[in-house]
Amino acid sequence: MNTETIEEVEGLFTYLLETRLRPEEYAWLTTKTTEIQSTGDLKQLSKVFAQVPRYASKDLLGWKDKAIMDIKKLIPGYDLGDWTVETFCRVWLLKQLPSGDQEGYLNSINGLFVGAELNELVALYKAFPLLQYPEYWVRQCEEGIRSNIGNVLEAIMYHNPYPATYLSEPAWNQMILKAFFMEKEVTKIYRLQERLNPALQATLADYVQERLAAGRSVNPALYKLMEV
Amino acid sequence: MQTQLDLSDISGMRFFDPHVHMTSRTTDDYQAMADAGIVALIEPAFWLGQPRTGLDSFRDYYSSLIGWERFRSSQFGIKHYCTIGLNSREANNEALAEQVMELLPSFVYKAGVVGIGEIGFDDQTAAEEKYYRLQLELAKEAGLPVQVHTPHRDKKKGTSRSMDIALEHGLSPASIIIDHNNEETVKEVLDRGFWAAFTIYPFTKMGNERMVEIMKQYGAERIMINSAADWGISDPLAVPKSAALMKQRGISLQDIELVTYRNAITAFGQSGQINEKDFEQTQEVDQAQKFESNSILRGGQQPRIDKNNIIIA
């Protein structure tokens with residue numbers, strides 16, 4: 001992302017934060033974040049990240065807000081409409097972490113993955129398009145795709161441009177296969193058609209045959225994908 | 001009087017099981033619990049059946065209580081909460097216990113952690129006492145209720161001591177749930193202002209006919225029941241089954257609701273982590289709805305298998 005885009009996204013995030021939180025909640029989050037930015041205290045970061053649900057609701061941000069649509073224009077494929085305010089606040093917090101010291105930055109976020117609660121994991125994976133050192137998170141993304149926790153898979157797959165942009169072909173193919181296997185809504189996967197490749201097509205064709213031979217139904221999205 | 005479980009006896013009733021070890025139970029149990037009306041549960045942190053040998057094992061277990069197990073439960077429409085703590089058995093490995101105490105603060109503030117538990121005495125050793133006390137302090141600091149496991153051997157003395165120590169540390173009895181009570185412990189627990197939880201568990205713990213007698217004597221105030229179902233021969237339907245029995249034996253619906261639902265919510269709700277709206281709606285089954293030719297399963301609805309059929313498809 002170029003500097004201008006980064007600034008615009010930051011502005012939209014600030015707007016959403018101000019309008020979705022009550023004043024006391026907003027004060028708590030911004031104060032704590034400022035402290036973390038200056039102290040770099042990882043325990044504090046972990047505690048604040050964990051406690052966001054006490055200050056942010058599970059209401060959805062909503063598709064209709066112009067800010068949501070603007071973010072999607074700036075970062076194609078990144079649709080925040082189905083995020084909860086809670087998730088949004090966590091992603092906002094991650095976005096505020098100072099990234100100059102690469103090792104420190106990576107450690108901070110890695111630390112949050114360890115022992116992460118279900119909803120914390122969702123926020124972490126949804127934040128990927130905004131994290132610094134994007135290539136570094138590929139391994140974690142691949143690990144997330146191995147999860148069987150439905151919410152985690154959806155956080156990686158749905159309306160999230162990170163996988164399409166950064167995953168290697170084999171890793172991307174694994175994600176698509178997993179999506180079909182776990183009966184995820186593949187139409188929400190950004191650039192599903194565009195990243196189709198011969199290896200994936202072949203595997204999907206085998207998968208269709210496997211389903212048919214087993215007398216099981218075949219997801220119409222599979223046929224549609226292979227029509228290309 | 002017929003004692004075969006008939007779900008229609010308890011249809012429309014909702015249950016909350018505040019002590020059940022779901023990591024040791026199968027999805028069959030989850031399905032049966034959902035069918036019987038259990039809408040939420042609390043899984044206390046416990047041992048794994050044999051002692052852990054390293055800190056990572058504790059970390060991964062705590063992590064699973066707030067991650068995978070929480071998700072697994074949601075698949076059946078049951079809201080999963082947990083308590084986190086160093087259990088009494090493993091407090092005896094002091095070198096490891098010290099490390100676990102360092103680890104606990106990174107888990108006790110997570111969403112859905114409704115207390116420090118299950119802690120207390122097992123053999124009533126000095127080490128067990130040391131870590132019980134430290135965790136009482138942690139509970140005070142974190143503002144969380146405490147779920148106290150009372151020993152199965154030398155229970156009466158162990159329960160008294162557990163309460164004495166909690167009061168010594170300045171905790172309010174109203175924030176403490178004393179678990180695994182029986183006829184010998186109940187009076188003192190209630191008289192001293194604590195919550196009294198009873199584990200309905202075959203052979204080794206409380207039976208539910210005895211439970212009915214206890215309720216007739218003491219009422220329902222500050223009393224709750226649980227299944228504590230684990231790897232042993234135990235019944236994850238202990239709470240709904242006991243509700244059915246209580247109904248048969250003339251306990252009022254109001255009292256039944258208190259001991260099988262409301263009191264647990266009040267006690268552990270002091271953590272600020274329980275929102276009844278999260279499990280108030282009953283899941284609607286709509287088999288006719290389809291999405292792209294796959295039947296749509298709403299949250300909490302799993303495809304059903306017929307356990308009596310030799311065919312698996």
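FYI, it's all coordinate maths here, none of it is from the lab. Remember, it's a predicted structure, so these values are computed and weren't measured experimentally. Cβ placement follows ideal geometry from the backbone for every residue including glycine, while neighbour counts extend to all protein chains displayed.
Below are the figures for this structure:
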{"read-out": "Mean Cα-pair separation over length for the range A:95-228, i.e. relative contact order, pairs under 8 Å, 6 or more apart, %", "value": "17 percent"}
{"read-out": "Summed side-chain charge close to residue B:165 - residues other than residue B:165 whose Cβ falls under 9 Å, Lys, Arg +1, Asp, Glu -1", "value": "-1"}
{"read-out": "Distance in nm between pseudo-label sites at residue B:280 and residue A:5 (7 Å out along the Cβ direction from Cα)", "value": "4.4 nm"}
{"read-out": "Peptides B:190-196, A:102-108, A:179-185 ordered by average Cβ neighbours within 10 Å, highest first", "value": "B:190-196, A:179-185, A:102-108"}
{"read-out": "Eligible aspartates and glutamates near residue B:216 by straight Cα distance, threshold 16 Å, same-chain separation 8 or greater", "value": "B:183, B:184, B:255, B:257"}
{"read-out": "The protein assembly as shown - Rg over Rh from alpha carbon coordinates, Kirkwood radius", "value": "0.99"}
{"read-out": "DSSP beta bridges in the range B:13-295 [antiparallel fraction, %, rounded to 5]", "value": "5 percent"}
{"read-out": "For residues of A:116-123, the mean tally of beta carbons on other chains within 10 Å", "value": "5"}
{"read-out": "Mean Cβ count within 10 Å, highest first, over the residues of peptides A:165-171, B:113-119, B:171-177, B:91-97", "value": "B:113-119, B:171-177, B:91-97, A:165-171"}
{"read-out": "Cα gyration tensor, the range B:13-295 - rounded (a/c under 1.5), prolate or oblate", "value": "oblate"}
{"read-out": "Number of partner chain Cβ atoms within 10 Å, mean per residue of A:176-185", "value": "1"}
{"read-out": "Positive-end residue of B:38, A:163, A:131, charge dipole of the protein assembly as shown with Cβ unit charges", "value": "B:38"}
{"read-out": "Dipole magnitude (debye, nearest 20) for chain B, charges at Cβ of Lys, Arg, Asp, Glu", "value": "320 debye"}
{"read-out": "DSSP beta bridges in the protein assembly as shown [antiparallel fraction, %, rounded to 5]", "value": "15 percent"}
{"read-out": "Calculated Rg and Dmax of the range A:1-57 using C-alpha coordinates, Å", "value": "12.9, 35"}
{"read-out": "Estimated distance in nm for a label pair at residue B:50 and residue A:34, the labels positioned 7 Å out from Cα along Cα-to-Cβ", "value": "5.5 nm"}
{"read-out": "Neighbour-count ranking [beta-carbon atoms within 10 angstrom, fewest first] of B:19, B:152, B:80, A:159", "value": "B:152, A:159, B:80, B:19"}
{"read-out": "Cα-centre dipole for the protein assembly as shown with unit charges at Cβ (Lys and Arg positive, Asp and Glu negative), debye to 20", "value": "720 debye"}
{"read-out": "Helix-only [θ]222 nm of chain B, DSSP H runs n ≥ 4, -39500 (n - 2.57) each, per residue, nearest 500", "value": "-10500 deg cm²/dmol"}
{"read-out": "Which listed pairs, of A:95/A:178; B:247/B:307; A:32/A:73; A:66/A:126; A:64/A:224; B:110/B:187, have C-alpha distances above 23 Å, in listed order", "value": "A:95/A:178; B:247/B:307; A:32/A:73; A:64/A:224; B:110/B:187"}
{"read-out": "Highest-first arrangement of A:194-200, B:236-242, B:44-50, where packing means the average Cβ count within 10 Å", "value": "B:236-242, B:44-50, A:194-200"}
{"read-out": "Mean Cα-pair separation over length for the range B:39-131, i.e. relative contact order, pairs under 8 Å, 6 or more apart, %", "value": "34 percent"}
{"read-out": "Estimated vicinal HN-Hα couplings, Hz - the range B:232-247 in sequence order (Karplus 6.51, -1.76, 1.60; Gly, Pro = x)", "value": "x, 6, 8, 10, x, 9, 4, 5, x, 5, 5, 4, 4, 5, 4, 4"}
